[in-house]
Amino acid sequence: MADYIITPANVQPIEVDGRFPSLSRYRAGEAITAGQSVSIDATDELAWLVNITAANIDDVRGIAVNDCVAGQYIDLAESGGLALGAVGVAGDIVVASASGGGLAASGDLITTNIVSIVGHMETDTLLQIKINNTNVAKG
């Protein structure tokens with residue numbers, strides 16, 4: 001699976017059609033870098049990198065917009081526009097990848113990967129976040 005190559009310093013919430021993205025703040029359970037997909041653990045309520053392999057299914061909560069280490073706060077874009085800091089293809093469906101916290105085009109998923117849709121590329125650099133955690137493994 002080929003993940004998007006994200007430049008964390010270029011990840012920025014973007015106003016689209018007069019609306020800013022929805023942001024939320026959580027305490028991190030591990031080091032997280034801007035542009036990574038993040039889940040929130042139901043038991044400890046900490047932010048962790050998403051893992052979508054068949055052995056472990058995490059629901060995507062949002063995309064990190066800043067860097068942090070364990071114990072610090074992380075801001076997540078949960079919907080709306082985000083300059084991804086990567087070059088994709090307009091129209092790509094963006095999903096959580098099998099590498100912890102990674103993002104990739106849906107066509108790069110392999111059999112048994114859990115399909116967690118993060119959104120779509122509005123332009124080659126603008127991700128429109130609309131999360132859909134299907135909990136379905138790619139066939």
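Any read-out appearing in this document is the output of simple, stated calculations on the displayed coordinates, not a laboratory observation. Since the model is a prediction, treat every value here as computed from it, not as a measurement. Backbone-built Cβ (ideal geometry, glycine too); neighbour counts: all protein chains shown.
Of note:
- For region 34-49, the criterion of being closer than 19 Å to Asn135 by Cα, of a type in the set (S, T, N, Q) and not in a loop (DSSP other than H, G, I, E, B) is met by at least one residue.
- Number of positions in region 34-53 that are among the hydroxyl-bearing types (Ser, Thr, Tyr), surrounded by 15 or more Cβ atoms within 10 Å (Cβ to Cβ) and more than 15 Å from Ser97 (Cα to Cα): 0
- In region 5-22, the residue that is farthest from Gly101 (Cα to Cα) out of those that are hydrophobic (A, V, I, L, M, F, W, C) and outside any strand (DSSP E or B) is Phe20.
- Within region 66-80, being on the phi < 0 side of the Ramachandran plot and surrounded by fewer than 20 Cβ atoms within 10 Å (Cβ to Cβ) holds for Asn66, Asp67, Cys68, Val69, Ala70, Gln72, Tyr73, Asp75, Glu78, Ser79.
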